[in-house]
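One structure is given below, encoded as structure tokens.
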Amino acid sequence: MKEGHEATHVNFILSGSKTKDIDIAIYADHQNQIVVTKDEDSENLYFGMNTPKKLIRILLGNWSTTDLIKVFEKHLPEIDKIKAFTRFYID
């Protein structure tokens with residue numbers, strides 16, 4: 001990403017693609033990171049277990065990574081404003 005933003009794919013943390021959702025959420029909370037996911041169950045973690053603290057759920061269907069990056073780059077100013085919040089859920 002650009003403008004001083006960083007993104008890390010789950011394959012490069014913990015146990016990679018075998019990492020459980022709860023472990024990804026806890027990792028993100030400890031790193032003060034935003035979880036971005038297409039996973040439908042993510043809201044269950046957020047509302048049921050209060051983790052991850054910062055969650056953006058993608059509802060755009062089967063878009064390419066390039067197209068998703070373009071959408072995020074377009075909305076970086078808004079993301080910058082909310083990332084300082086203690087908790088949020090966006091879908």
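FYI, it's all coordinate maths here, none of it is from the lab. Model, not experiment: these values are computed from the prediction. Every residue, glycine as well, gets a Cβ built from its backbone with ideal geometry; the counts of neighbours run over all protein chains shown.
Structure summary
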{"read-out": "Within the chain, longest stretch clear of exposed GluC sites (Glu not before Pro) (DSSP loop, no more than 14 other Cβ within 10 Å)", "value": "41-91"}
{"read-out": "Cα gyration tensor category, rounded, prolate or oblate, for the range 47-91 with a/c compared to 1.5", "value": "oblate"}
{"read-out": "Net dipole in debye of the chain [+1 Lys, Arg Cβ; -1 Asp, Glu Cβ; about Cα centre; nearest 20]", "value": "140"}
{"read-out": "Gaussian network model of the chain, Cα within-10 Å springs - most flexible of ASP39, ASP67, ASP21", "value": "ASP67"}
{"read-out": "Cα pair distances of the chain binned at 5 Å [whole percent]", "value": "3, 12, 25, 26, 23, 11, 1"}
{"read-out": "Dipole of the range 10-90 [Lys/Arg +1, Asp/Glu -1 at C-beta], most positive-end residue of VAL10, THR65, PHE85", "value": "PHE85"}
{"read-out": "Low-density loop positions, chymotrypsin sites (Phe, Trp or Tyr not before Pro), the chain - DSSP coil, at most 14 other Cβ in 10 Å", "value": "TRP63, PHE85"}
